[in-house]
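Engineer: Have a look at this one.
The values are calculated or read from the model by the stated rules, or taken from the named source; none is laboratory data. Worth saying up front: this structure is predicted, and the values here are computed from it rather than measured. Cβ atoms come from the backbone with ideal geometry, glycine included; neighbour counts cover every protein chain shown.
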Ligand SMILES: NC(=O)c1ccc[n+]([C@@H]2O[C@H](COP(=O)([O-])OP(=O)(O)OC[C@H]3O[C@@H](n4cnc5c(N)ncnc54)[C@H](OP(=O)(O)O)[C@@H]3O)[C@@H](O)[C@H]2O)c1
């Protein structure tokens, strides 16, 4: 991480109460910059080199977003980096999924993210800023047992690609970051296909720490050429196979993830 890059920057991070967002906030707390942390429950964040403002914002609430963006923009006319990080996961078979679960999940992962970005876009343009959106390897292809999660994240790819092309003339950058399995609260706080709290155990295979992911995300923002970023073989594998061998990719996913969608 190049500390000089972040010095005096105005940064917004959603979902800093745990996991990847918390780790990004921790890294930036050590630097002389302004950070706006948006969470459902605001907290007192003390003893940081950065000036950290903590705001209450349920990302799926239009009124919360309107209120919080007004407050942010009254403190800073420009936004250098927006981390669209808050999100939930949803596990379950498509044929068992309630439509309300699609609606609720899109309300958080998709509409919340888009709405916040829209409200801040002029401030980002003024700063020639960067937007980094936490997607997932499951956003690169529809994954079995993840139709809601995959679709709510991959829909973001299209928006943030369009935006990247349109706003390149203003110097705005858009990075879509797809972390692999990471050890966070995501599987506890997520939803089942019927809308219950997920409460699932951590993934048992290779898993990254939120700190490793946060560092890679900060590096991605510093990299002027970063677009669609994956971190390991799983992401690379899906990125390549979806284009050149989709039938093989689907067979692998069926076999590897069978227990995730067939119970
Ligand atoms: N963990 C993984 O394996 C993994 C892999 C790929 C991508 N991701 C993505 O990484 C991002 C961060 O997740 P995480 O893994 O760090 O999980 P996490 O520990 O559960 O963190 C998720 C964060 O999002 C916030 N959030 C959820 N719903 C919200 C809402 N309606 N309004 C505002 N904030 C809300 C949570 O806040 P509350 O405390 O209020 O719930 C929490 O701070 C997510 O977008 C996730 O899809 C995670």
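Engineer: So, in segment 178-199, of the ones that are away from the ligand (no atom under 11 Å from the Cβ) and assigned to a loop (DSSP other than H, G, I, E, B), which residue ends up surrounded by the most Cβ atoms within 10 Å (Cβ to Cβ)?
Structural biologist: It comes out as 193.
Engineer: Here is a follow-up. Here are 224, 233: which of them is under 30 Å from residue 83 (Cα atoms) and at pLDDT below 95?
Structural biologist: The conditions single out 233.
Engineer: Still on this model: Please go through segment 135-153 and give me each residue that is more than 12 Å from the ligand (Cβ to nearest atom) and either part of a helix (DSSP H, G or I) or in contact with a strand residue (DSSP E or B) (Cβ under 7 Å, 6 or more places away or on another chain) (or both), ordered by number.
Structural biologist: Those that are more than 12 Å from the ligand (Cβ to nearest atom) and either part of a helix (DSSP H, G or I) or in contact with a strand residue (DSSP E or B) (Cβ under 7 Å, 6 or more places away or on another chain) (or both): 145, 147, 151.
Engineer: So which residues in segment 140-173 are within 15 Å of residue 102 (Cα to Cα) and either modelled with pLDDT under 95 or within 15 Å of the chain's Cα centre (by Cα) (or both), if there are any at all?
Structural biologist: 149, 150, 151, 152, 153, 154, 155, 156
Engineer: Could you list, in sequence order, the residues of segment 214-239 that are under 24 Å from residue 164 (Cβ atoms), out of contact with any helix residue (DSSP H, G or I) (no Cβ under 9 Å at 6 or more places or on another chain) and part of a helix (DSSP H, G or I)?
Structural biologist: 216, 219, 220, 236, listed by residue number.
One line per residue, one yes/no per condition, for (1) buried (at least 22 other Cβ atoms within 10 Å of the Cβ); (2) within 26 Å of residue 188 (Cα to Cα); (3) near the ligand (Cβ under 10 Å from one of its atoms); (4) without any contact (Cβ under 8 Å) to a residue 24 or more places away in the chain:
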residue: 20; (1), (2), (3), (4): yes, yes, yes, no
residue: 35; (1), (2), (3), (4): yes, no, no, no
residue: 44; (1), (2), (3), (4): no, yes, no, yes
residue: 55; (1), (2), (3), (4): no, yes, no, yes
residue: 62; (1), (2), (3), (4): no, yes, no, no
